[in-house]
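All of the numbers you see were taken from the coordinates with simple rules; none came from a lab. The structure displayed is predicted, hence computed values, not measured ones. No Cβ is skipped: glycine too gets one built from the backbone with ideal geometry, and neighbour counts run over all protein chains shown.
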Amino acid sequence: MTNKINLKICVGTMCYVMGGAELKDAIETLPAELTEHLNITYSPCLGCCETQRPPLIEINGKRIAGVSKINLIQIVKEEIRNAV
Amino acid sequence: MKNNDNFIEVDFFQKNKAGNVVCGDSFMSQKLKGEGRIISVLSDGLGSGIKACVLSTLTVTMAMNFTAMNESILQTSKSIMNTLPKDMVRKISYSTFCICDIDCFANVKIIEYESPAYYLFRRGQFIDVPKKKIPVEREDLGNTFLWISEFKLEKEDRIIFFSDGVSQSGMGSASMPFGWEDGAKTYIAGLVNQRNDISAKELAHKIVAQAEKNDGYSLKDDTSCCVIYMRKPRNLLVCTGPPFDEKNDKYLANRVKEFRGRKILCGGTTATIISRELGLKMEVDMDIVDKELPPLSHMEGVDLVTEGILTLGKVERILTSGNTEFHKEAGPAEQVVRMLLDSDKITLLVGTRINIAHQDPNLPVELEIRRNVVKKIKYLLETKYLKDVEIMYI
C-alpha cells in the first residue's frame, strides 16, 4: 500500500464529551502494523454535530458518525483491507 | 481602572510564617466602579497564626469599608482599635495597616499606621513623599501616629508596600543583622531597572521570594507584599462562540485580525470560522493534555486556541477557587487563566449562536450556556482580580 489512510478524529466539545476522548486513547493503543498505514490528525471541530451523532471521525474524506472505541478499530481495519 | 488610557495594576503575594497554616497578614483590594477608585489595604495582626489573622482581617475589612464611605481616617483608626479584641497576654489590641486610596484622576492618598514605610518608585529611583504626622491617642499603648501622604500617580510609577516580614527578613543574620531594610530598595530597583515592564504580580512574588531567601527559606514572620503599577494596559481578546448570523463571520474574523493585543479563541467552531475567513492553518496539539478537556490547537497570529464551553467552565472554577499558581506544563484552562491574569483590559467577544447539539438534557451538566459562564468570568475578573472587562455580543 503506497498511500496512507487519512484518519481525522474530531475533538470538538460534543465529540469529546460523547466519547471522542476514548477514541484518542484507542488510537494510541493500536498495533504498529495498523498505525503504519494511517496518517492520524485531529480536528477542533468537524462541524456536523448538530445533524449527526457524535463522536465523529473522517476517514479518507468519509464522515462516520457515532463511532465507539470498538467500531473505530473495525473501521480502520476495513479501510486498510479495502485499500490494499 | 482606566485613567487616560493608563491602567492601574494591583497585585499582591504573601507567604505564611514557617509552620503556620494561616497568614497573620491580610490584604484586600476593591474597585469602586461608580467612583473609579481603587482602595487597597494591608494589615499585619499582632503575633501570628489564627489570632493575628482575625485581627488583620477585622482591620482590613473595617478600613476598607470606612475608607470607601469617606469616613475620617482618625475616626476609622479609633473604631478599628476599639473593635479589635484584646490580646490575653499582652493586654493590647493591635494591628498595623496601610491604606492606599487612588481616585479616578490618579490622586493617591496613603495612610500608614505602624507599618513599614511604603516605597514610591518613579523613573528609576525611589521618591520620598512628605508625610503628615497625626497622633492617635491610645490608652493601652501610649500615643502612636498615623502617617498620611498624598501625591499624583504618574505613568510607570510603582507603589510598593509590605508587612514587616519583608523589611525585617534576614534579621540577625551576619549579612543583614538589622534586617533587609534598604537592601530591599536596592533589590527592587535592580529588578525594575533590569526589566522596565515587570508586572505588579511578578514583582510582588519576587520580593516575597527574596524575603524568604533572606530568612534561610524558613520565614520568621508572615510576609506580604502589595505592588501597584500604573501602566499602559495590556489588552487581551477572548473570542468565543460563532456569531448569531453567519453573515457576521467575516466581521468576527476581522475583529480578531485587527485587535491590538493578545488573542485567545475558545471554541472549535469559532476557531474554524477564523481559520477559514483569514486563511490561517490550524493544528491540534496533542502534547499538552488535560484529561478533563479537549486539546489545544495552534493558529498563526493567535496566541491560544482552545475548546469552548468545557474549557471556559474550568477557567471559571479556577478563578473562583483563587488557586492560580500553576506549573509550567499547565493544561488549556490554566493557560487561559494565566493569560487573563497577565492582562489588564480584557474584551470578551461572545458569539450568540446556540449549538443545538448542546441542548440535549442527557449531556453532562458542565455544558452550561456560554453566556452565563462568560458573565460569571467577567464578574470574577472584575471583583476578585480588578481587571477591566467588557463583553460584546455578536
Item checked: Fluctuation leader among B:Pro130, B:Pro294, B:Pro233 - chain B, Gaussian network, Cα springs under 10 angstrom -> B:Pro130
Margin query: Based on alpha-carbon atoms only, what is the radius of gyration of segment A:5-83 relative to the globular estimate 2.2 N^0.38 Å?
Written below: 0.99
Notebook entry, point to check: What value does segment B:235-393 have for Rg/Rh, both radii from Cα atoms and Rh as Kirkwood defines it?
Noted result: 0.93
Notebook entry, point to check: So, in nm, how far is label B:Lys155 from label B:Thr352 when the simple model puts each one 7 Å beyond its Cα toward the Cβ?
Noted result: 3.7
Next item on the list: Report the dimensions of the protein assembly as shown along its three principal axes from the alpha-carbon atoms, largest first, rounded to Å.
Entry: 93, 47, 44
Check: Is it possible to state the helix-based mean residue ellipticity at 222 nm for chain B, with each DSSP H run of 4+ residues giving -39500 (n - 2.57), the sum divided by total residues, to the nearest 500 deg cm²/dmol? What is it?
Finding: -9500 deg cm²/dmol
Item checked: Intensity falloff of chain B expressed as log10 I(q)/I(0), Debye formula with alpha-carbon point scatterers, at q = 0.07, 0.08, 0.12, 0.13 Å⁻¹ -> -0.38, -0.49, -0.98, -1.09
Item checked: Ranked B:Thr383, B:Thr144, criterion: other C-beta atoms within 10 Å, fewest first -> B:Thr383, B:Thr144
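Would you mind giving the mean number of other chain beta-carbons within 10 Å of the Cβ of each residue in B:343-349, as a whole number?
Per residue, the number of nearby Cβ atoms from other chains is 0 on average.
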Notebook entry, point to check: Net charge near B:Lys78, counting Lys/Arg +1 and Asp/Glu -1 over other residues with Cβ under 14 Å of its Cβ?
Noted result: -3
Next item on the list: Provide the net charge surrounding B:Ala117, with neighbours chosen by a C-beta distance below 10 Å and charges set as Lys +1, Arg +1, Asp -1, Glu -1.
Entry: -1
Check: At q = 0.15, 0.17, 0.18 Å⁻¹, what base-10 log of I(q)/I(0) does the Debye formula yield for segment B:1-145 when every alpha carbon is treated as an equal point scatterer in vacuo?
Finding: -0.82, -1.03, -1.13
Notebook entry, point to check: How long, wide and thick is segment B:90-199, going by the Cα atoms along their three principal axes, in whole angstroms, largest first?
Noted result: 47, 44, 21
Next item on the list: Arrange B:Trp180, B:Trp147 by Cβ neighbour counts within 10 Å, fewest through most, would you?
Entry: B:Trp147, B:Trp180
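So for each of B:335-345, A:31-41 I average, over its residues, the number of other beta carbons within 10 Å; can you give me the resulting order with the highest mean first? Spell out each step's value before the answer.
Numbers: B:335-345: 20.2, A:31-41: 12.6.
Output ranking for B:335-345, A:31-41: B:335-345, A:31-41.
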Notebook entry, point to check: When the convex hull of the Cα atoms of segment B:186-246 is projected onto a plane and the area is averaged over all directions, what value comes out in nm²?
Noted result: 7.4
Check: Among the trypsin sites (Lys or Arg not before Pro) within segment B:98-168, which fall in a DSSP loop and have no more than 10 other Cβ atoms within 10 Å of their own Cβ?
Finding: B:Arg123
